[in-house]
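S.K.: Sharing a structure below in structure tokens format, with a few things to ask.
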Amino acid sequence: MVVAHSCRSEPGKWRFLRFTLIQYGLGAFGTMLSWAAMTYIGRRTLYLSGMGISFILLLSIGCISVTASASKGSSWGSIVLAFILVYNCTSCR
């Protein structure tokens, strides 16, 4: 009874928890994908392409944050998740 009441009183808390779980899942998936991609693409190509894609994603996050829009949060969050996937897919470990 208490758990159901707290879920209704704080819906934003659970949304951020889901976002965090998705973030960690994408990070783990990206790391495993980078292990496989390293053998086919190569370390330098993977690293440089990841830096280029990350630059484009971070630039788009900055442009979205400057504009005044009502639906800024959902687009910003999805680009951050894409950045996390690209970073973990292309970072050399």
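Only the coordinates and a few stated rules stand behind these numbers; no lab work does. Since we're looking at a predicted model, the values are computed, not measured.
S.K.: What area, in nm² and to one decimal, does the C-alpha convex hull of region 26-90 cast on average over all directions?
M.R.: Over all viewing directions, region 26-90 projects a mean Cα-hull area of 4.1 nm².
S.K.: Expressed in nm to one decimal, what extension gain is obtained for the pair Phe29 and Leu59 from 0.36 nm per residue of sequence separation less their Cα-Cα distance?
M.R.: Taking 0.36 nm per residue and subtracting the Cα distance, the gain is 8.4 nm.
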